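Just so you know, all these numbers are worked out from the coordinates, no wet-lab data involved. Here the structure is a predicted model, which is why all the values come from computation and not from measurement. In this analysis, Cβ positions are derived from the backbone assuming ideal geometry, glycine residues included, and neighbour counts consider all displayed protein chains.
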Amino acid sequence: MQLQKDISLLPYNTFGIDKIAKYFAEATNEQDILEAIDFSKKLNLPLIVLGGGSNILLTKDLNAILLKINIQGMEVTKETAEHVFVEVGAGVNWHDFVLDSIEKNWAGVENLSLIPGTVGASPMQNIGAYGIEIKEVFENLTAINRDTLAIEKFDWAQCEFGYRESVFKNKLKGKYIITRVCFKLNKKPIFHTAYGAIQDTLNAMQVNDLTIKAISDAVIHIRQSKLPDPKKIGNAGSFFKNPTIETEKFEALKKQYPSIPGYPMPEGVKVPAAWLIEQTGWKGKRFGNIGVHQNQPLVLVNYGGGDGAEIKSLSEKIQNSVKEKFGILLSPEVNFL
Ligand code: EPU
C-alpha cells in the first residue's frame, strides 16, 4: 500500500471542499487496512476512514492519515427459494450495487437508487430514502477492530440501527473499519410505493407493469429533479436529520402554525427539517460560493470554491433561526472533519 503525502482531498468529498491531508492511502483489501493502522500507530497520527466522501464536511486541513476504502467485489454467499445473500466489498459504489441487483432481478434496494457513497458507509448511518432503510435488507457485516486487529462479524441486532444511526456512530464510534456488507435480497419483489412521490411519478411515467426497474427509474427521476447532482454542485445530501418532537409540543406548534407537517412516530412526531428551514426564510439563499438549495432546503451547497468552515457557520445560523422560531434543535446528519 502506498502512503502519499500532502494530498488535496478535493476529488474525495462530494461537497467539493479543497483541504489537504497530511497522508493519504487507498486500501483494496484487509491487509492494506492493517498496514494503515500500523502506520498510524508509528506516525502517531489519527487514521480517518473515507468511503465515498458523500457525508462529510471538511472544515480544515487534516494532520492525519486519510484512508480511502476501495475493497471491491460482489459474491453470492447463500441462496434459498426466496432470498439471495450477497456480500459486497465496502468500496463498491452504492448505486452500482443497486443497478447490479436490479439487473439480476434481486429486489430490496431499488428505492435506494442514486444515493451517493459506498456500500461500506451504508450501514454506518442506516441510509434511507423513499420509504426504505438499509436495515430492512441488511444481513451482516465484516469489520476490523482497530485495537485488537481482529476481523469480526456483526449481525443485524449488533448494529443497533436507528434513523440515520447505528452502533458505529454511537458507542463503537471510531473503533471499527467496515470491510464487507452482506445483504439479504428478495427473489420475489415486494414493491414499496407508499411514499407519495413514487406513486405519482410512476403514474406520470405511465407504468402499468410494476417492476423494481420502474421503481428505480421513478426514484432516480425524483432525486434528479429535487436534489443537486454533486458532480455539478457540491453537496452532501441532507445536511440535517428530520427532528422528532414530543406530541404535546407538536400540537402546540400546530395551533400557531396550522400548516406544519408531521408524521407520527413511536417516540413523538417527526417534522420535516426542510419545512422548518423554509419557514425561517433560508430556502434558496446564496452567500458567495455557498448556499441553501432552492428545491430542497435541507441540502446545503457549494457552488465551487466554497469553504467548509463557512458552510459550518451557515449551518449554525440555520440551527439558531429554527431554534428561535420553533424551539427545535436541528442535528447535523453530515460529519464534520
Ligand atoms: N419540504 C418543505 N419544503 C421543501 C422541501 C420539502 O417544506 O422545499 C417538506 C414537505 O413537507 C415534504 C417534506 O419536507 O413533504 C419531506 O421532503 P422530502 O420528501 O424531500 O424528504 P426529506 O424528509 O426532506 C428525507 C431524507 C432524504 C431522502 C428523502 C426521500 C433525511 C434527513 N433526509 O428527506 O435523504 O432522500 O427523505 O426519502 O431523512 C440524505 O439523507 O442525504 C437524503 C437526501
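Does Val167 satisfy the criteria of being within 24 Å of Lys241 (Cβ to Cβ), more than 12 Å from the ligand (Cβ to nearest atom), touching a Gly at 6+ places or on another chain (Cβ under 9 Å) and hydrophobic (A, V, I, L, M, F, W, C)? Let's see the steps before the verdict.
Numbers: within 24 Å of Lys241 (Cβ to Cβ): yes; more than 12 Å from the ligand (Cβ to nearest atom): yes; touching a Gly at 6+ places or on another chain (Cβ under 9 Å): no; hydrophobic (A, V, I, L, M, F, W, C): yes.
No.
Does Lys231 fit the bill of being without any contact (Cβ under 8 Å) to a residue 24 or more places away in the chain and within 30 Å of Thr59 (Cα to Cα)?
On the way: without any contact (Cβ under 8 Å) to a residue 24 or more places away in the chain: yes; within 30 Å of Thr59 (Cα to Cα): yes.
Against the criterion (without any contact (Cβ under 8 Å) to a residue 24 or more places away in the chain and within 30 Å of Thr59 (Cα to Cα)), Lys231 qualifies.
Which ones in region 150-195 are under 27 Å from Ala64 (Cα atoms), of a type in the set (Gly, Ala, Ser) and in contact (Cβ under 8 Å) with a residue 12 or more places away in the chain?
Of everything in region 150-195, those that are under 27 Å from Ala64 (Cα atoms), of a type in the set (Gly, Ala, Ser) and in contact (Cβ under 8 Å) with a residue 12 or more places away in the chain turn out to be Ser166, Gly174.
Counting only residues that are surrounded by fewer than 20 Cβ atoms within 10 Å (Cβ to Cβ) and out of contact with any Asp or Glu (no Cβ under 8 Å at 6 or more places or on another chain), how many does region 77-87 have?
Let us first name the residues in region 77-87 that are surrounded by fewer than 20 Cβ atoms within 10 Å (Cβ to Cβ), namely 77-83, 85, 87.
From what's left, out of contact with any Asp or Glu (no Cβ under 8 Å at 6 or more places or on another chain): 78-83.
Residues flagged as surrounded by fewer than 20 Cβ atoms within 10 Å (Cβ to Cβ) and out of contact with any Asp or Glu (no Cβ under 8 Å at 6 or more places or on another chain) within region 77-87 amount to 6.
For region 269-317, name all the residues that are of a type in the set (Lys, Arg) and either within 21 Å of the chain's Cα centre (by Cα) or more than 9 Å from the ligand (Cβ to nearest atom) (or both). Let's see the steps before the verdict.
Of the residues in region 269-317, the ones of a type in the set (Lys, Arg) are 270, 283, 285-286, 312, 317.
Of everything in region 269-317, those that are of a type in the set (Lys, Arg) and either within 21 Å of the chain's Cα centre (by Cα) or more than 9 Å from the ligand (Cβ to nearest atom) (or both) turn out to be Lys270, Lys285, Arg286, Lys312, Lys317.
Within region 245-268, count every residue that is crowded, with 18+ Cβ neighbours inside 10 Å and within 13 Å of the ligand (Cβ to nearest atom).
So the count comes out to 1.
In the set Ala36, Ala90, Ala64, which member is buried (at least 22 other Cβ atoms within 10 Å of the Cβ), free of Cβ contacts under 8 Å to residues at least 60 places away in the same chain, closer than 23 Å to Leu149 by Cβ and away from the ligand (no atom under 16 Å from the Cβ)? If you could, list the steps in order and put the result at the bottom.
Working: Ala90 fails: free of Cβ contacts under 8 Å to residues at least 60 places away in the same chain; Ala64 fails: buried (at least 22 other Cβ atoms within 10 Å of the Cβ).
None of the others qualify; the one that does is Ala36.
Residue under question is Leu43, and the condition is that it be over 23 Å from Pro123 (Cβ atoms) and in contact with a Pro (Cβ under 9 Å, 6 or more places away or on another chain); does it hold? Step through it out loud before you land on a result.
Values: over 23 Å from Pro123 (Cβ atoms): yes; in contact with a Pro (Cβ under 9 Å, 6 or more places away or on another chain): no.
Answer is no for this residue.
Please go through region 131-155 and pick out each residue that is among the hydrophobic types (A, V, I, L, M, F, W, C) and either within 16 Å of Val109 (Cβ to Cβ) or within 16 Å of the ligand (Cβ to nearest atom) (or both).
Looking only at region 131-155, we keep the residues that are among the hydrophobic types (A, V, I, L, M, F, W, C), and these are 132, 134, 137-138, 141, 143-144, 149-151, 154.
Within region 131-155, Ile132, Ile134, Val137, Phe138, Leu141 qualify.
Looking at (1) hydrophobic (A, V, I, L, M, F, W, C); (2) assigned to a loop (DSSP other than H, G, I, E, B); (3) under 15 Å from the mean Cα position of the chain (by Cα), can you tell me which one Val98 breaks?
With (1) hydrophobic (A, V, I, L, M, F, W, C); (2) assigned to a loop (DSSP other than H, G, I, E, B); (3) under 15 Å from the mean Cα position of the chain (by Cα) applied to Val98, the lone miss is (2).
Within region 218-228, can you find the residues that are surrounded by fewer than 20 Cβ atoms within 10 Å (Cβ to Cβ) and free of Cβ contacts under 8 Å to residues at least 40 places away in the same chain?
Passing the criteria: only His221.
How about region 116-154: which of its residues are of a type in the set (Phe, Trp, Tyr) and in contact with a strand residue (DSSP E or B) (Cβ under 9 Å, 6 or more places away or on another chain)?
Start the filter on region 116-154 by keeping residues that are of a type in the set (Phe, Trp, Tyr), which leaves 130, 138, 154.
Within region 116-154, Phe138, Phe154 meet the criteria.
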